[in-house]
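Structure first, commentary second.
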């Protein structure tokens, strides 16, 4: 299909606009998906305690420069995910218990941004997640540097897409090919930028969704670089559902068919990217179906609480900083505090 303007892309205007949009969406939900079914549930004490232990681990192991040396994969993207996890509980980011590590993390991201083009390398993975962190911190954290930095970061994403004939993104800003994992980080970042009140052209979102549609297989899965390169994975399927939902394309084949596959497969193909899968799957289920998210969330909470280390971390192939941040963000939908986590 050809994506066309139909007033479904999230508007700019910050948190107030998001809240207004959420109220407008509510009448279109089924009774099982009503506003009260999504909002207002208390966060169980056991979950909150586990979340705090995870944040304490991140705060305790962060370097003065804002990174997590010795904890596996690091860099601006991982720092961005950790900052998002700290913001997601809803504590005061300027004076609350995580104010210092939040500022350290944001300062690190800002120092890594190139002054000539706004790139927060070393790859577009890092740039996307770092931009998302800036967008969610903008307006919440008292730091005048955030707005200009966020605008430059968003402009880099848009400039990179303009150079790319696929409409997506790959590892380098000047890439001419694309994949659905790197592209997911850029689309979510752009929609968060728009929610923060910075203009993002509709055509950028439409082109990106067209790229995902071209990567959708006949059975609804999402390939890596096309619809003919070996089928989907749990992570890629979850990414596609998430970006389509955030772009308000819940009636599209991209959203509906891929969510069917995601729900049918469950968590069986998370593989070595299991925590990466959890980060996106939590959002995909949350945006797609209330009952399905409640069931998935209950399983996710139970298994993460069971395997959380005594020091508050979670471990995996990509290191404890990344795995802990991703695990916390998969739990963060229970708080529903970050603007990007509003339904």
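A few comments on the model shown:
- Linear extension gain, residue 155 paired with residue 306, 0.36 nm per residue minus alpha-carbon span: 50.2 nm
- Sorted by Cβ density within 10 Å, fewest first, the residues 150, 190, 304: 304, 150, 190
- Volume per residue of the C-alpha convex hull in the chain, rounded to whole Å³: 122 Å³
- Between 112, 283, 161, the Gaussian network model of the chain with springs among Cα atoms under 10 angstrom shows the greatest mean-square fluctuation at 112.
- Between 240, 302, 85, the GNM of the chain built on Cα springs shorter than 10 angstrom shows 302 fluctuating the most.
- Here the gap between residue 107 and residue 142, fully extended at 0.36 nm per residue and compared with their Cα-Cα distance, gives a gain of 11.4 nm.
- Top of 96, 319, 197 by mean-square fluctuation, Gaussian network on the chain, Cα under 10 Å: 96
- Note on residue 315 and residue 251: their simple-model spin labels are 5.0 nm apart, each label 7 Å out from Cα toward Cβ.
- Centroid-to-centroid separation of region 310-343 and region 144-206 [C-alpha atoms, Å]: 23 Å
- Shape call, region 165-239: gyration tensor on alpha carbons, a/c limit 1.5: prolate
- Contact order relative to length of region 112-235, as percent, for alpha carbon pairs under 8 angstrom and 6 or more apart: 21 percent
- Each semi-axis of the equivalent ellipsoid for region 123-165 is √(5λ) with λ an eigenvalue of the Cα gyration tensor; in descending order they amount to 22, 11, 6 Å.
- Fewest-first ordering of 126, 318 by other beta carbons within 10 Å of each residue's beta carbon gives 318, 126.
- Helix-only mean residue ellipticity at 222 nm for the chain, each DSSP H run of n ≥ 4 adding -39500 (n - 2.57), per residue, nearest 500: -18000 deg cm²/dmol
- The packing ranking of peptides 70-78, 43-51, highest mean first, is 70-78, 43-51, where packing means the average number of other beta carbon atoms within 10 angstrom of each residue.
- Ranked by how many other beta carbons lie within 10 Å on average, peptides 53-60, 293-300 from highest: 53-60, 293-300
- Mean separation of Cα contacts under 8 Å, 6 or more apart, over the residue count of the chain: relative contact order %: 23 percent
Only the coordinates and a few stated rules stand behind these numbers; no lab work does. All values reported here derive from a predicted model rather than from experimental measurement. Because the Cβ atoms are built from the backbone with ideal geometry, glycine has one as well, and the counts that use them run over all protein chains shown.
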